[in-house]
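What follows is one structure encoded as structure tokens, with my remarks underneath.
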Amino acid sequence: FDKIVSAFFNSQVKRSGVVLDTDAERISCIRDWIRSRRTSLLYDGDRYLIDGSVCVDFFIRYEDLENGVREVCRAVGVETESIELPRMKANARNSKLAYTEFYDRESIEIVENVYAFELARFNYAFGD
């Protein structure tokens with residue numbers, strides 16, 4: 001769910017230069033964006049599923065990205081001491097609201113449907 005809020009701020013606000021001055025405007029815009037189903041364009045399933053079956057050896061939770069990358073590197077014999085991941089899009093969000101505040105029941109259900117695999121695979125739930 002947080003992925004969608006981040007994507008909205010990065011693609012719709014930061015890149016396009018849209019100015020949303022209030023949290024009410026931000027909330028309204030992101031809900032409209034989700035309802036338009038453009039979030040399905042962010043679906044990553046084609047990167048790790050073939051005909052609905054997992055085709056990768058490792059999954060890494062975003063919140064544990066650095067450790068996950070190190071674990072994969074060790075598994076394939078790559079030195080990990082020099083690995084330092086950059087922080088990307090750290091300032092894209094221009095709101096201090098928790099991601100949960102951007103959603104209503106309808107937008108929650110849309111994201112649950114589009115991202116059912118990821119939510120189940122990583123045991124994510126709204127509000128975690």
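The values are calculated or read from the model by the stated rules, or taken from the named source; none is laboratory data. The structure displayed is predicted, hence computed values, not measured ones. Cβ: placed from backbone, ideal geometry, glycine included. Neighbour counts: every protein chain shown. Heads up: the accessible areas ignore ligands, DNA and RNA and are worked out on the full protein's heavy atoms, side chains in. Shrake-Rupley method; radii C 1.70, N 1.55, O 1.52, S 1.80 Å.
Figures for the structure shown
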| read-out | value |
| --- | --- |
| Near pairs, Cβ below 6 angstrom, 6+ apart or cross-chain, from the range 24-39 (touching a residue at least 40 places away in the same chain (Cβ under 8 Å) and aliphatic (A, V, I, L, M)) to any residue that is surrounded by 15 or more Cβ atoms within 10 Å (Cβ to Cβ) and assigned to a helix (DSSP H, G or I) | ILE27/PHE102; ILE30/PHE8; ILE30/PHE102; ILE34/SER107; ILE34/ILE110 |
| Enumeration of residues in the range 90-127 that are modelled with pLDDT under 90, open to solvent by less than 30 Å² (accessible area, probe 1.4 Å) and over 19 Å from SER11 (Cα atoms) | GLU118 |
